[in-house]
Amino acid sequence: MTDHGSWWRHAVIYQIYPWSFQDSNGDGIGDLPGIISRLDYLNDGTPHSLGVDAIWLSPIYPSPMKDFGYDVADYCAIDPRFGTLADFDRLVNEAHRRGIRVLMDLVLNHTSDQHPWFQASRSSRSSPKRDWYLWADPGARGGRPSNWTAVFGGSAWEWDRTTRQYYLHSFLKEQPDLNWNHPDAQEAMHEVVRFWLDRGVDGFRLDAINWIGKDSNWPDNPTRFFALRSYLRQIHHYDRDQPFTHTVLQLLRTWTNDYPGAVMVGEASSDTPGGPAAFYGKGTDELHMVFDFRMLKSSWDPQRFRRLIQQWDRAVPPGGWPTQVLSNHDNSRHYSRYSRGVDAETAARRARAAALLLLTLRGTPYLYYGEEVGMRDVRLRYRELRDPYTRRYWPFLRGRDPARTPMQWDRSPHAGFTAGTPWLPVSPDFERVNVAHEAEDRASILSLYRKLIWLRKTMPALALGSYREVPGGPPDCLIYLRETGGEVSERLLIVINFRPNPRRFSLPSIDAVGVILLSTDPHAAGESFDSAHVDLGPDEGILVRLHA
Ligand code: GLC
Ligand code: CA
């Protein structure tokens, strides 16, 4: 792979949840050999494949799996459920051979309580690793050092009987928070970063970055209105979002700068002060990319989308690069989110319009495995749930397991995911919603994703062009231009109808004709476009090349 530089600016990145992608040995859990066997599906160099440029693997490190890999017990090895380091090397090789880059998930804020670092830290107060984690004496009134709550419920402080202090955990009690102020802990993480980059990975997705900086005087957080989750009953002033996070990200940037082409994309809460864009720093000194989850959290609403897209486009500083994402392993799948309260046909059309949106905005799109075939949340019974957070709030919150079910490959038993019993049930819709079936159908949502991804590769305006909203259209349509100037000037217009009825209107502010390159309606007829007579079907979106 030679094209270093900013390959990620014109890439489409695909998130694999390793538990659920492809099982190769019948134990019901996805694994690395399974992923390797599906690489041609992801990109075989031809438009018959999906055409993604990189995969991001959710954690595959040895782990007790309390948080399904986000509790890491060894940063420099592979969990035996997923395979071996040799399998991993083969994966990187095979991926690179196909032009697919590989991003690892780096969990920085916490480790597993089974990690040898924490085992040493908790062994005695005089352990050299004691201060690699955050320990505190009981508060002034006895009891916990502060009122801080954990994301997954309950207090963020856990009492350790042996050494008679509390340790901090922002997530599960099995996920103690690291002390990033400790130089040895920093250096240990630097080694981890080098370990993977030396092995040939192309970068990292950084987990939960805005938790890194916290106030080590442990002041109580202000509390607020009632919410189901105790975590949401506080304003998280002191237990996250402190400026120290920037110091750590700057450090990580200097580490990755030693490896040309290595990229970092960070996950931050949408309500972090200053917004997630704060973690671009000055644009070149912190993260290359940051996720903005505000659209992921929004309903299918053109007014909100318009505002959020505009805000995000402006928030990213020069040198930084936006991301676009609608689904991931922590949230309800967007197909399901956008279908609440509408009939199945509308929902299916919306999922197609959402694909057009995701793949034509400015910024690197992140796909979540299965969205390209139209996978939806799966209704699960309590006894089928695996994620502790999902179990804790069931049935009041939908939780995360419904969005983590096995990939739907074909109509064989368990959708071709496993020859054994899958760790989470396969969606009952798999006989209709699967790769094999949709690959042959030019009207399928999979064909639409493929077309869009391959179009992105051939049209610089889609990947790199500017974004400009077009005024004057109906309020329930989203209308924008993607443009490149200079020698290869290209003007693309995207129009998306957010309503389930047909629309006719004119766009005087454009005054141009062009050709419709793609419609989300597989049966749409027209090819030519005239801004004086825009004609859209229900929930239809179109991509137009405007003539100069
Ligand atoms: C991130 C991950 C999530 C995990 C949490 C704690 O939000 O995406 O899956 O549970 O961090 O590591
Ligand atoms: Ca397996």
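The values are calculated or read from the model by the stated rules, or taken from the named source; none is laboratory data. The model shown is predicted, which means the values in this text are computed figures rather than measured ones. Methodologically, a virtual Cβ is constructed for each residue, glycine included, from the backbone with ideal geometry; neighbour enumeration extends over all protein chains shown. Side chains included, ligands, DNA and RNA excluded: accessible areas come from the protein's heavy atoms. Shrake-Rupley method; radii C 1.70, N 1.55, O 1.52, S 1.80 Å.
Tabulated data for the structure shown
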| item | result |
| --- | --- |
| Test: residue in the range 89-99 that is more than 30 Å from Asp40 (Cα to Cα) and over 23 Å from the mean Cα position of the chain (by Cα) | no |
| Any hit, the range 135-150, residues being away from ligand 1 (no atom under 16 Å from the Cβ), among the acidic types (Asp, Glu), in contact with a strand residue (DSSP E or B) (Cβ under 7 Å, 6 or more places away or on another chain) and outside the structural domain of Tyr259 (by TED's automatic domain parsing) | yes |
| Residue ID - farthest from Ala315 (Cα to Cα), chosen from residues in the range 338-370 that are crowded, with 19+ Cβ neighbours inside 10 Å and in contact with an Asp or Glu (Cβ under 7 Å, 6 or more places away or on another chain) | Arg349 |
| Whichever residue in the range 51-72 is farther than 21 Å from Arg400 by Cα and open to solvent by less than 20 Å² (accessible area, probe 1.4 Å) and, among such residues, is farthest from the chain's Cα centre (by Cα) | Gly51 |
| Residue in the range 332-349 that is more than 27 Å from Pro502 (Cα to Cα) and within 16 Å of ligand 1 (Cβ to nearest atom) present | yes |
| Subset of the range 255-295 [closer than 19 Å to Ala11 by Cα, surrounded by 20 or more Cβ atoms within 10 Å (Cβ to Cβ) and small (Gly, Ala, Ser)] | Ala262, Gly266 |
| Any hit, the range 104-126, residues being closer than 22 Å to Thr364 by Cα, open to solvent by less than 50 Å² (accessible area, probe 1.4 Å), at pLDDT 95 or above and more than 16 Å from ligand 1 (Cβ to nearest atom) | no |
| Ser6, sole failed condition from (1) more than 16 Å from ligand 1 (Cβ to nearest atom); (2) closer than 25 Å to Val107 by Cα; (3) in contact with a Pro (Cβ under 6 Å, 6 or more places away or on another chain) | (3) |
| Extreme residue, most open to solvent (accessible area, probe 1.4 Å), among residues of the range 73-90 that are away from ligand 2 (no atom under 14 Å from the Cβ) and not charged (D, E, K, R) | Ala86 |
| Selection status of Ile13, in contact with an Asp or Glu (Cβ under 9 Å, 6 or more places away or on another chain), more than 16 Å from ligand 2 (Cβ to nearest atom), of a type in the set (A, V, I, L, M) and assigned by TED's automatic domain parsing to the domain that holds Leu103 | yes |
| Criterion: within 29 Å of Ala403 (Cα to Cα), surrounded by fewer than 21 Cβ atoms within 10 Å (Cβ to Cβ) and in contact (Cβ under 8 Å) with a residue 40 or more places away in the chain - qualifying residue of Ala419, Ala436 | Ala419 |
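Every residue, every condition in (1) of a type in the set (S, T, N, Q); (2) assigned by TED's automatic domain parsing to the domain that holds Met264; (3) within 16 Å of ligand 2 (Cβ to nearest atom), yes or no:
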position	(1), (2), (3)
Thr364	yes, yes, no
Leu367	no, yes, no
Glu372	no, yes, no
Leu380	no, yes, no
Arg383	no, yes, no
Trp394	no, no, no
Ala403	no, no, no
Ser412	yes, no, no
Phe417	no, no, yes
